[in-house]
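Derivation of every value follows stated rules applied to the coordinates shown; laboratory data play no part. This structure is a prediction, so every number in the text was calculated from the model and none was measured. Glycine also receives a Cβ, built like all others from the backbone with ideal geometry; neighbour counts cover every protein chain displayed.
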Amino acid sequence: MNNQKSIFTLLFFCLALSGFAQDDGDYVEFNDRNNVVHGVYLGFSMRYGEIDDQETYTGGFKVAYVANQQFEIGFSGNFIYSDQDYFNTAAGRREDLIGGYGGLHLEPIFFSKSRVNLSFPLLIGAGAIGQIGNNFNNEDFEEEFNEEDFDAVFVAEPGVSALFNINRYLQIEAGVKYRLSSKIDLENSPVTRINGFSGGIGVKVGVFNLGRNRYKKKLQDEE
């Protein structure tokens, strides 16, 4: 009989302790007002712009971490082609510009709790720009790249974008950027910098709200 009382008392104590611990955990989770939301994504973009008043096309990609839906940091890279169509007397042909650049991607985000956000992306990096013949209609055309056909370039590219949150995993962006570059020195090329505006659209695919307080959201919904 004493053993049964002892067992009953022990079970009652364990149940009470378990209930207390559960209530305490719920309370802490519910009041976690500083819950941090993380995100990671892979993005792709296409932009159209100008260099020295000539049509220029840019394709880009980026990988970034998103802190609390308010700030991005990562790597961004761009491929660029500019339809310059100038005559290179040394090569005896008409040429365009081709190249790429990449570097650090920074992007503060405003109105992150809304369906549409405003952001100010910035790329700081380096790359190379070169010359390429544009006689693509010639079936015998074969391009041979030489080191002297390219020159290193440093780039800073600020911009402004509107971000459209489709769902937890997909975001569409549209915006304009201005590319600032160091001087380039290409033989017989009239272009000395690749400065210029560009505008376009892009898509980001990833998870933008890792670490969201699901239990807290459930209690708020029930209220």
In whole Hz, with x marking every Gly and Pro, tabulate ³J(HN,Hα) for segment 107-120 from phi via Karplus 6.51 cos²θ - 1.76 cosθ + 1.60, θ = phi - 60°. 7, x, 10, 10, 6, 5, 7, 8, 5, 10, 10, 10, 9, 10
For labels at Glu147 and Ile201 in the simple 7 Å Cα→Cβ model, what's the distance in nm? 4.4 nm
Separation of segment 89-126 and segment 146-199 by C-alpha centroid, Å? 4 Å
Describe numerically, in nm with one decimal, the distance between label points set 7 Å from Cα along Cα→Cβ at Ser114 and at Val40. 3.0 nm
If the chain between Phe71 and Arg93 were fully stretched, how many nm would it gain, using 0.36 nm times the residue separation less the Cα-Cα distance? 3.2 nm
For every other residue with a beta carbon closer than 14 angstrom to the beta carbon of Val63, add +1 if it is Lys or Arg and -1 if Asp or Glu, then tell me the sum. 0
For the pair Asp185 and Val63, the simple spin-label estimate (label points 7 Å beyond Cα toward Cβ) gives in nm 3.5 nm
